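Please read the structure below before turning to the comments.
The values are calculated or read from the model by the stated rules, or taken from the named source; none is laboratory data. The shown structure was predicted, so the numbers you read here are calculated from the model rather than taken from an experiment. Heads up, the Cβs are rebuilt from the backbone with ideal geometry, glycines too, and the neighbour counts pull from every protein chain shown.
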Amino acid sequence: MKRKSLLFLRAILRAPFQVKLLPLLLIVFSGSAILYGQNKDSPKQVKVTHAAATAKNNNFRYTITGNEQNGYGYDVFEGTKLFIRQPNIPGLPGNKGFVTKNDAEKTAKLVIKKLSNNIMPPTVSRHELENIKIKL
């Protein structure tokens, strides 16, 4: 077995430069492909951890989006970064927007309150919408 390995090594050392380079390149590219494949899931974990950590700082704000014809929604920002885009009423089937800006604002404040209390994800139920008097 050792003799075969030595013969193979001698053959590589005697080979032209391009043949020596090929196994090295193959190893490098294989290693980088493996490392790249392992990092695909990590951004999801980083976002959740980051959101939970900054929720303690209450660094959230909201803006109201939409119009009277299509309904209103809201965006929640964490600092300057968009954290949640909610163009329709959460907790209900369909794509219906809020009837009034005030309804969208009350719901955005509820979501920010949940984020500030480290409730992840900050889901909103139909019952909660009814409690804050949202027109459904």
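Can you tell me which residue is surrounded by the fewest Cβ atoms within 10 Å (Cβ to Cβ) among those in region 83-101 that are touching a strand residue (DSSP E or B) at 6+ places or on another chain (Cβ under 8 Å) and over 19 Å from residue 113 (Cβ atoms)?
Taking region 83-101 as the starting set, the residues that turn out to be touching a strand residue (DSSP E or B) at 6+ places or on another chain (Cβ under 8 Å) are 83-89, 96-101.
Filter again for over 19 Å from residue 113 (Cβ atoms), leaving 87-88, 96-97, 99-100.
On the way: 87: 16, 88: 17, 96: 12, 97: 21, 99: 15, 100: 14.
By that ranking, first place goes to 96.
Of the candidates 110, 115, 82, the single residue that is in the same structural domain as residue 58 (by TED's automatic domain parsing) and assigned to a strand (DSSP E or B) is 82. Residues in region 62-86 that are over 18 Å from the mean Cα position of the chain (by Cα), closer than 19 Å to residue 122 by Cα and of a type outside the set (Ser, Thr, Tyr): 2 in all.
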